[in-house]
Amino acid sequence: MVLENQDNRNLWEKIGDFFSANSIWMKWYCTGCGAIELPPTMTSRFDMERLGMGPMATPRQADVLLITGYLSSKTLRRVIYSYEQMQDPKYIVAFGSCTINGGIYYDSYATINQLDKYIPVDLYIAGCMPRPEGIMNAFADLITMIKKGQANGWRHYQENYEWYKQNQLDSLKEVIIHDEFHE
Amino acid sequence: MTVMNFVYGFIVLLAAFIFQTALTGVNRKVTARIQKRYGPRWYQQFLDIFKALRKGSITHGWVFDFGVIMALGGIMATVIFIPVAGFEAFPNMDNVFVISYLLAVGMLGMAMSAAGSGNPWASIGVSRALTNMVAYDVPLMIVIFTLIFAFDTASVSEIAAMQQGMGVLGWNAVRMPLGGIVAFIALFGMLGKKPFDSFIAPAEIASGPMVEYGGKHLGFMFILHELMTFIEVSLILSLFFGGGSSILVYAIKYAILYTLVNIISQVMPRFKIDQAVKFFYRVPLVFAIIQGLVVIFLGWGVSVWF
Ligand code: SF4
């Protein structure tokens with residue numbers, strides 16, 4: 001995805017982005033191996049609350065969705081649901097090589113290979129799995145991006161909704177979830 | 001009642017919000033230090049609230065929206081009746097009953113709004129929150145009625161003024177130690193601090209009543225929570241810990257009381273809701289009744305140190 005470099009936000013949006021950058025609530029989607037790297041990032045050793053970040057209980061409250069590893073197509077439906085429940089502005093950070101190109105699951109029949117065909121990823125963290133230092137570094141980058149107004153994935157999703165929906169349908173056949181919680 | 005009263009009321013409201021939000025931020029740092037972390041910036045709570053207000057928001061129906069407004073309105077109305085260090089925006093209206101009824105408007109608005117979101121977690125959270133309220137309110141109310149009986153007044157500022165001039169020995173918490181203990185424990189329940197925070201339990205019931213709030217609604221809920229904390233801590237401070245002779249003393253005592261509650265709560269586990277009710281009806285209720293009997297029949301701690 002191309003990041004637009006020209007800054008055409010008005011003053012109000014700049015102030016808003018300042019607040020958004022300094023207070024990031026996250027919801028992490030515990031897929032794959034990456035969820036286990038987050039508790040050390042949150043607790044005393046790395047302490048992400050220094051950056052103003054903290055965990056939230058539901059997607060509605062959160063600003064950033066963390067996809068922590070490979071996604072099976074079954075999980076992808078839930079991820080799309082969660083993402084669409086979040087309130088604008090919202091960001092996605094994807095962890096590990098599995099979300100970039102499939103990683104070691106590149107030829108699996110059950111997982112998707114390239115996450116940003118389905119939902120707009122603002123930032124990738126390379127590694128298998130990225131260590132907490134890498135994660136902290138990425139969050140610092142995310143903060144800079146939001147401050148500069150470059151984390152525009154959510155706008156991109158709105159503008160290219162058909163393209164994303166088409167990709168989702170191509171892989172999943174239908175995005176609607178059939179289980180006891182969603183019917 | 002003149003225009004000036006309303007201006008004062010607004011000032012109290014603004015000051016309460018700024019003071020309590022800053023204090024919450026500082027306490028997040030205190031919490032972090034307890035957990036051997038560095039912690040967020042002290043003004044992080046302001047950033048969080050303004051961030052939430054900046055975001056988009058969706059509605060879950062009329063009841064959901066109206067409940068938020070009703071809760072915020074009720075709580076804001078309560079704040080302006082709270083006497084701060086003898087200063088009242090509306091003199092002679094700081095009756096305990098006025099405050100507790102207005103507070104109920106806010107609480108019910110919140111319950112209504114959360115239930116209006118239609119999420120089952122929210123309903124569980126609301127039912128737990130109201131159960132919790134029933135649990136701490138009975139012992140606390142018995143102690144407060146004891147105070148009203150002992151001092152022949154229900155005015156918060158008058159009860160606060162009567163405790164001043166004798167230093168620590170004048171505080172109701174010292175004159176009536178059992179009542180003081182009950183009030184202090186009830187403060188944990190009122191603030192929803194551990195061990196009585198089963199109604200927000202983020203990992204178990206996805207933050208209970210707050211589950212469907214996002215963006216601006218959540219921002220309003222945060223403001224509401226700060227103001228509610230101000231009301232509750234102020235009430236306990238004025239009734240049991242002597243209020244304050246000046247604004248500065250009041251602010252310092254307030255900060256110490258709130259921080260103490262926070263520190264203790266950080267090393268506590270969490271009660272299940274039935275355990276919390278059982279606890280309140282076993283220990284504080286008995287203390288409250290004994291305190292009431294002592295004051296009514298023996299008169300200890302009312303006019304002088306016996
Ligand atoms: S990138 Fe590596 S650590 Fe991450 S989900 Fe894939 S296999 Fe697991």
Notebook entry, point to check: Cβ-Cβ below 9 Å, separation at least six or inter-chain, first residue in the range B:40-57 and free of Cβ contacts under 8 Å to residues at least 24 places away in the same chain and more than 8 Å from every other protein chain (Cβ to nearest Cβ), second hydrophobic (A, V, I, L, M, F, W, C) and open to solvent by 10 Å² or more (accessible area, probe 1.4 Å): which pairs?
Noted result: B:Trp42/B:Ala22; B:Trp42/B:Val26; B:Tyr43/B:Ala22
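A quick yes/no check of all residues on (1) outside any loop (DSSP other than H, G, I, E, B); (2) open to solvent by less than 60 Å² (accessible area, probe 1.4 Å):
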| site | (1), (2) |
| --- | --- |
| B:Met1 | no, no |
| B:Phe17 | yes, yes |
| B:Thr21 | yes, yes |
| B:Thr24 | yes, yes |
| B:Val30 | yes, yes |
| B:Gly39 | no, yes |
| B:Trp42 | no, no |
| B:Gly56 | no, yes |
Next item on the list: From (1) out of contact with any Lys or Arg (no Cβ under 8 Å at 6 or more places or on another chain); (2) at pLDDT below 85, pick out the condition that doesn't hold for A:Met42.
Entry: (2)
Next item on the list: List every residue pair whose Cβ atoms lie under 6 Å apart, where the two residues are 6 or more positions apart in sequence or sit on different chains, the first residue falls within the range B:98-112 and is within 14 Å of B:Phe64 (Cβ to Cβ) and in contact (Cβ under 8 Å) with a residue 40 or more places away in the chain, and the second residue, located anywhere, is open to solvent by less than 30 Å² (accessible area, probe 1.4 Å) and assigned to a helix (DSSP H, G or I).
Entry: B:Gly109/B:Gly67; B:Gly109/B:Ala71; B:Gly109/B:Gly74; B:Met110/B:Ala71; B:Ala111/B:Val126; B:Met112/B:Gly67
Next item on the list: Please work out if B:Thr59 is polar (S, T, N, Q) and modelled with pLDDT of 90 or more.
Entry: no
Next item on the list: Go through (1) at the interface with another protein chain (Cβ under 9 Å from one of its Cβ atoms); (2) in contact with a Ser or Thr (Cβ under 7 Å, 6 or more places away or on another chain); (3) hydrophobic (A, V, I, L, M, F, W, C) one by one and return the number of the condition A:Leu51 breaks.
Entry: (2)
Item checked: Which numbered condition A:Ile92 fails, given (1) under 14 Å from the mean Cα position of the chain (by Cα); (2) open to solvent by 60 Å² or more (accessible area, probe 1.4 Å) -> (2)
Checklist line | Condition broken by B:Ile263, with the remaining ones in (1) under 24 Å from B:Leu178 (Cβ atoms); (2) open to solvent by 10 Å² or more (accessible area, probe 1.4 Å); (3) at pLDDT below 85 satisfied | finding: (3)
Note to self: Being open to solvent by less than 30 Å² (accessible area, probe 1.4 Å) and within 14 Å of B:Phe10 (Cβ to Cβ) is the filter here; which residues of the range B:79-93 pass it?
What the structure shows: B:Val79, B:Ile82, B:Val84, B:Ala89, B:Phe90
Next item on the list: Please specify each residue of the range B:276-306 satisfying the condition of being open to solvent by less than 80 Å² (accessible area, probe 1.4 Å) and either touching a Cys at 6+ places or on another chain (Cβ under 9 Å) or under 23 Å from B:Ser198 (Cβ atoms) (or both).
Entry: B:Ala276, B:Val277, B:Phe279, B:Phe280, B:Val283, B:Pro284, B:Leu285, B:Val286, B:Phe287, B:Ala288
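The values are calculated or read from the model by the stated rules, or taken from the named source; none is laboratory data. It should be emphasised that the depicted structure is a prediction, and the values quoted were computed from it without experimental measurement. Note that we place each Cβ from the backbone using ideal geometry, even for glycine, and neighbour counts take in every protein chain shown. SASA here: full protein model, heavy atoms, side chains in, ligands and nucleic acids out. Shrake-Rupley method; radii C 1.70, N 1.55, O 1.52, S 1.80 Å.
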